[in-house]
Each structure stands twice: as structure tokens, then as C-alpha cells.
Amino acid sequence: MSKYLIDKFLYTIDRDPDLVERYRADPAGTVTWWEAERAGLILNCPAPERSTWLNFTDAERQALTTHDYVALLEFGAHNFLVLTLFIALFERDYEEPLAFQREFAGRLSHWTLPYPDIAT
Amino acid sequence: MATVAAVIASTHHPFYYRASTATGSDRPPFADEWVAKIESFRQTLTRARPDVLVMVGSDHFHQLWLDNMPQFLIGKAPFYDANFYNEEREFGLPRLLLRGDEELSAYLLRTGIDAGFDLAFSNELRVDHSITCPIITLRPEADLPIVPVYTNIFAPPMPQPARFVQLGQAIRAMIEAWPSDKRVAVIGTGHLSLELGGPRQFGPHGPDPEFDRKAVEWIASGDLKSALAEVSLDSLWQPGNATHGFMDFLLMMGVAGAGVAADYTDSLDLFHTMEAYFTWYPAHPAGVAGAEAP
């Protein structure tokens, strides 16, 4: 399991307006491209010094490809990163303010404490 | 020596800016009461006549990332650009440019490290809404130099709650020993019970009103003993999965001093989270009225 890499995907997509739109429109293509081209980039190092060992599991790749935020959270992805990016992706599709956020909460209503461990 | 002119602890609610500036049908029904409370709270800083603001907050995965995560970091730069694209996107927050006080930054880093806190530093720090929300609420002119102090309340493993208190106590002692005639306000923001990305998020109140009631009482009365007896890194998951932000309140209780009641306390029960506002006047123990004296 690679919680860190899921978090890195969410973080690097969320901070780039073009990538937010690309991930919304083409999640499968964006995940494939990102895993091949961006997963190994250390953010404060030049590209040739990239990491060589980072990959998603099949289940993680599937969850990212299907925008399945419940699964991502249950893998232990960071709750703040998931919420922030998915608000950017889908809040616009809901008419009422906070309707997306409340639906998000409802889809987690089966959770009991303790929640999935977000430690990386 | 420098004067600690005010110690201010507050929640930081990124929706305040949008709510307070909205008009017509866009203006939420709670906005007027919220603005009135903020304007009253703002007066508690204005009355203290600060020259410089030490601002305690926490980066929300903006500049700081999991490949190199500091526990406590002090900015040392002449300027701080502020707010990020995703904060403009979600909260409508404006971009700001804040001046820094490099002399005080350097002093706090040197004396803090010598006091046993292995502080990280940054010479190029873009601060986020944990710093800009209290600028917007308490000093919207954004005209005073700042020293940002970032804490990790976000990415486990985090420091223990008691360590936040110790750092707050050290900041108070270091400022009071600073050879300067400046009046320093220490402003820190955190959270009461809060849930983000969980089933209890965005409810009609904060996720744990009972925790909020106790927390407000601890802060208002300076009851660090009870707070530290009840709060642990494990327990803070219970009131809401983003409640570790309460540790920044603990830090500010350390700045204010154990057993020292706040001179000003207010709160506002909002959807999603409870707002809470506290001010201490160490230089004028008589309280708010005393702080108005020249």
C-alpha cells in the first residue's frame, strides 16, 4: 500500500488548475500519465534525480481512476487532501451550497471511530 | 526589553472573508452577527497598539510537504506572499503581501534553538489561510510586520500536546527578553472540534459540541492542567478528525501562561465548527480597560 503516493497524487493535482480540470475530464488518462511521468519527481529536486520505486497498487490505481474518494479515504489517504481536491472536482455540479460536502459525509456514514490511519 | 502587548488565540475560518463581503441574496443569514463579533474582537488587538505580530499557524499542505516535513518552523524573510490558488478557488481568499521582521525572526530562531527547540526555518515562505485569516479578521490593513511560526498539526507523527505548550511558554519568555522597545502581539489560530473529509463534516454545529464547551472553558480560564490531562495525540481524533488544530490553542495558552484567564472571550456557534476568540493582556493585567491606558 502506498498512502504516500496517493497523497502525492492528490497534492500535486490539487495545486495545479490545469491538472484539476484534466483529472475531472479524463481520470484514467491523467492517472496513467501521472504515474509514468510525475510519481517519481521529488518536488525540490531536478527531474534526473527522480525516485525509482514509487508505484500504485492495482486497487489504488482503480480508486483514483474512478474518482472513488471513499475508497481512497479507506486506504488511509489524507482526509484534507481528499476533501479539498474533490470539492474542486465536483462541487460545481451541485446547486445547493455545501450539497456536495454533505453527500460526501453521507457516503462515509458507515464509518466508526477510529477512522483509517492517515499516518504515512 | 520588548513588551508582549497582547496574546490572541482564535479559530481560523476560511469562509469568513466571503461571508463578510457577500451582499444581497449571497449574504448568509449569520454574516451580520459574525462580522459584529469579529469587529469587537479586532478592537482587542487595536487597543494593544502592536508594532509587530508573531503569527502562529499551520501550513495546510501548501508549501510544506511530506517529503520534508518540519514539526516547528519559523519564517525569516523580509516579505511573505500569502494565500494559494486552491484557497482562492475554495474560499475566495485574496492574495496578500505581508512584511516580515527579520530581526525578530533571527532572534527567535537563535534563542529558540539554544533553548532546546530544534526549529526549522524558511527564507522564502508563502503563508496560507492559517496566517491570513487572522490578518483579515484582526488587522485587515495588513500593515504590520510579521514573524510566522508554523506548527505541524496536520501530518502524523506530530509533536505531543505538551510540546506545543512548552514552545508557547518559550516564545513568551524569549519575546520578554528581546532587547527591543517594540510592542509584540502574539496571535495564534487553530481549531476546536473539526471534521474534514469524514462523516461528521459540515453539520449544523461542530462535530463535538461537548468538546468545544470544555475547550472554551480551558482556554478562557487558562486551565492548562485540565487540558493536558484530557487531551492526547490519540484522543484528539475523537472530537473530529481535524481537531489536532486544537494544539495551536494549547501553544497560545502556553504563551498566555498557566492559570491566566483571558481578558476577552467570545464564541459563535456556526455550522461546521464553533468559532472562539480570546485575548490576554500580559502587560496590563487589569484587562481590556487597562490596555487602553497609555
Note down the magnitude of the dipole of the protein assembly as shown about its Cα centre, charges +1 on Lys and Arg C-beta and -1 on Asp and Glu C-beta and zero elsewhere, to the nearest 20 debye. 600
Electrostatic dipole magnitude of chain B [Cβ: Lys, Arg +1; Asp, Glu -1; Cα centre; debye, to 20]: 300
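List every DSSP H helix in chain B whose Cα atoms extend 20 Å or more along the helix's own long axis and whose mean Kyte-Doolittle hydropathy is at least -0.5.
On the way: long enough: B:31-46 (22 Å, -0.41); B:161-176 (23 Å, 0.35).
Flagged H segments are B:31-46, B:161-176.
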Against the longest principal axis of chain A, how steep is helix A:3-14, in degrees 0 to 90 to the nearest 10, with axes from Cα atoms? 80
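Could you give the dipole magnitude of the range A:42-120 about its Cα centre, charging the beta-carbon of Lys and Arg +1 and that of Asp and Glu -1, in debye to the nearest 20? Don't skip to the end; give the middle numbers.
Details: 5 positive and 11 negative charges, 33 e Å.
So the magnitude is around 160 debye.
Full extension from residue B:205 to residue B:49: what is 0.36 nm times the residue separation minus their Cα-Cα distance, to one decimal in nm? If you can, show how the numbers build up before the last one.
Details: separation 156, 0.36 × 156 = 56.16 nm, distance 3.47 nm.
Between residue B:205 and residue B:49, full extension yields 52.7 nm more.
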Which log10 I(q)/I(0) values does chain A give at q = 0.10, 0.19 Å⁻¹ under the Debye formula, counting every alpha carbon as one identical point scatterer? -0.31, -1.07
If r is the Cβ-Cβ distance from residue B:67 to residue B:33 and R0 is 41 Å, what FRET efficiency results, to the nearest 0.05? 0.45
Between helix A:79-90 and chain A: long-axis angle, C-alpha atoms, 0 to 90°, nearest 10: 80
Dividing the alpha-carbon radius of gyration of chain B by 2.2 N^0.38 Å (N being the number of residues), what value is obtained? 0.92
Among A:5, A:46, A:79, flag the residue with its Cα farthest along the positive direction of the charge dipole of chain A, charges on Cβ as +1 for Lys/Arg and -1 for Asp/Glu. A:46
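Go ahead and run the numbers for FRET between residue A:16 and residue B:230, Cβ-Cβ distance against an R0 of 51 Å, rounding to 0.05. Intermediate results must be reported in sequence, preceding the final value.
Details: r = 41 Å, r/R0 = 0.81.
FRET efficiency, residue A:16 to residue B:230: 0.80.
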Just subtract the alpha-carbon distance of residue A:57 and residue A:99 from 0.36 nm times their residue separation and send over the number in nm, one decimal. 12.0 nm
Alpha carbon centroid spacing (whole Å) that separates the range A:95-117 from the range B:234-251: 19
Debye-sum result for the range B:151-294 in log10 I(q)/I(0), which assumes one identical scatterer on each alpha carbon, at q = 0.15, 0.21 Å⁻¹: -0.75, -1.30
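Around residue B:208, with a cut-off of 12 angstrom between Cβ atoms, what is the net charge of the other residues, counting Lys and Arg +1 and Asp and Glu -1?
In short, 0.
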Dipole-positive endmost among B:237, B:271, B:255 within the range B:208-287 (Cβ charges, Cα centre): B:255
Between residue B:115 and residue B:23, how many nm apart are label points set 7 Å from Cα along the C-beta direction? 4.7
Hey, got the Cα dimensions of the range B:1-132 along the principal axes, in Å, largest first? 54, 38, 22
Computed label-point distance, nm, for sites residue A:44 and residue B:162 using a 7 Å Cα→Cβ extension: 3.1
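Take B:237, A:53 and sort them by solvent-accessible surface of the protein heavy atoms, 1.4 Å probe, largest at the top.
On the way: B:237 75, A:53 180 Å².
So, going from the largest accessible area down, we get A:53, B:237.
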Give the calculated FRET efficiency between residue B:79 and residue B:103 to the nearest 0.05, with a Förster radius of 22 Å applied to their Cβ-Cβ distance. 0.95
Total accessible surface hidden between B and A, rounded to 100 Å², 1.4 Å probe: 2700
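The values are calculated or read from the model by the stated rules, or taken from the named source; none is laboratory data. These numbers were taken from a predicted model, which means no experiment stands behind them. With ideal geometry, Cβ positions are generated from the backbone for all residues, glycine too; neighbour counts draw on all protein chains shown. What goes into the accessible areas is simple: the full protein's heavy atoms, side chains included, and nothing from ligands, DNA or RNA. Shrake-Rupley method; radii C 1.70, N 1.55, O 1.52, S 1.80 Å.
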